[in-house]
Amino acid sequence: MSHAIWADGLVKRFGPTTALAGVDLAVRTGTVFGLLGPNGAGKTTAVRVLATLLRPDAGQARVHGFDVVRQAHQVRQRIGLTGQYASVDETLTGSENLLMIGRLLGLSRPDARARASQLLREFHLTDAADRAAKTYSGGMRRRLDLAASLVGRPPVLFLDEPTTGLDPRSRNELWELIRGLVAGGVTVLLTTQYLEEADQLADELAVVDHGRVIASGTPEQLKAKTGAQVLAVRPADPADLPTVLATLRELAGHEPVLAQTTVTVSTTDAALLPAVVRRLDDRGVRVGELALRGSSLDEVFLSLTGHPAEPGASGPPTSTGQRPTGRQQPTETMEGTRA
């Protein structure tokens, strides 16, 4: 089977609001497919339709070869789903959570216990197996939540913003687990607002805005679509930042971006770099760092949607587990659901 997930013209409306306006997707078996988009773009709605939690108003979709409307039961037998927030039973231990899922899926008690032990070992939770889930850290809960989605060995896994609220270490650990699953043949559809996460994990991407797919391809293909490079300049003396900003504005012809002590500007002009070097030298500005690089997914997102990704979306959460801007979590929500 070449495509584990396929969708053609998916439409979903909620009253006067059109959440999906004709979404097409084709996810190759054994890959990670990233679904990007701002809040309210339709990412979670698309996942819920594909996971049979919502019925589309138009269009069709198949998961692992089965129609999500006419063969919903067969689809549910072949998928796992982890929502934005861990949904384990906090009063049960890690082992009891997985044992309960196994029994609900029809496994015998010995088989469910064996599967729970295997997953606890694979997800590095054996030492906490007999502790109540409410005593787990955020990263441990997410690993337990992901393990619960895999009790039935689904070939297709939906991950809806799985690292929301995690610290950088826990996020990296979850990335490694996802890579391991894909190496074992699992197909993953990932929604995320962390653009770095999509760049690290996804084999292919689709950018969704206002319920439509506005661009798709590999991360490198999407980066190439902007046709621009990014010039980054960091002055040796932060007091020279206003001069650097003014220089890049004059020479590039549009507004540069200031991030901490580095100024960046997109360009398609190969002559910009030497021109900036000469102008800054004329103005007595010593440069601590100067680089010309390809576009990042942040710049791609800005180019495609007309606005940057959600604040904090491209970088890791802070050590407190909150996004750097202190904004509320994404408005598209979905409870973690077991297939």
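The values are calculated or read from the model by the stated rules, or taken from the named source; none is laboratory data. Computed from a predicted model, the values in this text were never measured in an experiment. We place every Cβ from the backbone using ideal geometry, glycine too, and count neighbours over all the protein chains shown. Remember, those area values only see protein heavy atoms, side chains included, never the ligands or the DNA or RNA. Shrake-Rupley method; radii C 1.70, N 1.55, O 1.52, S 1.80 Å.
One chain, two ends: T17 and H73. Fully extended at 0.36 nm per residue, the span grows by 17.3 nm beyond their Cα-Cα distance. For the chain, a crude dipole built from +1 on the beta carbon of Lys and Arg and -1 on the beta carbon of Asp and Glu, taken about the Cα centre, is about 1000 debye to the nearest 20.
The distance between label points at D8 and T91 comes to 4.9 nm (points 7 Å beyond Cα on the Cα→Cβ vector).
On the stretch 5-47, 51 percent of the accessible area sits on carbon and sulfur atoms, based on a 1.4 Å probe. Measuring only protein heavy atoms, the 1.4 Å probe finds E255 accessible over about 110 Å². Once the Cβ-Cβ distance of R169 and D282 is raised to the sixth power relative to R0 = 41 Å, the FRET efficiency obtained is 0.35. Accessible area per residue for the stretch 98-155, computed on protein heavy atoms with a 1.4 Å probe, is 50 Å². Near T31, the amide H atoms lying under 5 Å from its own belong to V188; only residues 5 or more places off or on other chains count, and H is placed 1.01 Å from N. The 3J(HN,Hα) values that the Karplus relation (6.51, -1.76, 1.60; θ = phi - 60°) gives for the stretch 71-84 are, in residue order, 10, 4, 4, 5, 4, 4, 6, 10, 10, x, 9, 10, x, 5 Hz. Gly and Pro appear as x. The simple spin-label model puts a point 7 Å past each Cα toward its Cβ; for S137 and L258 those points are separated by 3.7 nm. For K223, the lysines whose Cα comes closer than 26 Å to its Cα, not counting residues fewer than 8 places off in the same chain, are K43. A Cβ-based charge dipole, computed about the Cα centre of the stretch 56-159 with Lys and Arg at +1 and Asp and Glu at -1, lands at about 200 debye. On a per residue basis, the stretch 1-61 carries 38 Å² of accessible surface, using protein heavy atoms and a 1.4 Å probe. On the principal axes of its alpha carbon atoms, the chain extends 78, 47, 36 Å, with the longest extent given first. Given H placed on each backbone N at 1.01 Å, which residues far from D209 in sequence or on other chains put an amide H within less than 5 Å of it? Counting only residues 5 or more places away or on other chains, the set is I214. For the stretch 111-241, the share of accessible area belonging to carbon and sulfur comes to 46 percent (1.4 Å probe, ligands and nucleic acids excluded). Legend: P(r) of the stretch 77-147 from all alpha carbon pair distances, 10 Å bins from 0, whole percents, reading 22, 56, 21, 0.
Computed from phi, the 3J(HN,Hα) profile of the stretch 155-167 under the Karplus parametrisation 6.51, -1.76, 1.60 (θ = phi - 60°) reads x, 10, 10, 9, 10, 9, 6, x, 9, 4, x, 8, 6 Hz, with x in place of Gly and Pro. For the chain, the 222 nm mean residue ellipticity estimated from helices alone, with every DSSP H stretch of n ≥ 4 adding -39500 (n - 2.57) and the total spread over all residues, rounds to -10000 deg cm²/dmol. Less than 5 angstrom separates the built amide H of A19 from those of K12, R13, F14, all sequence-distant by 5 or more or on a different chain. The distance linking the stretch 193-256 with the stretch 43-114 is 36 Å (Cα centroid to Cα centroid, whole angstrom).
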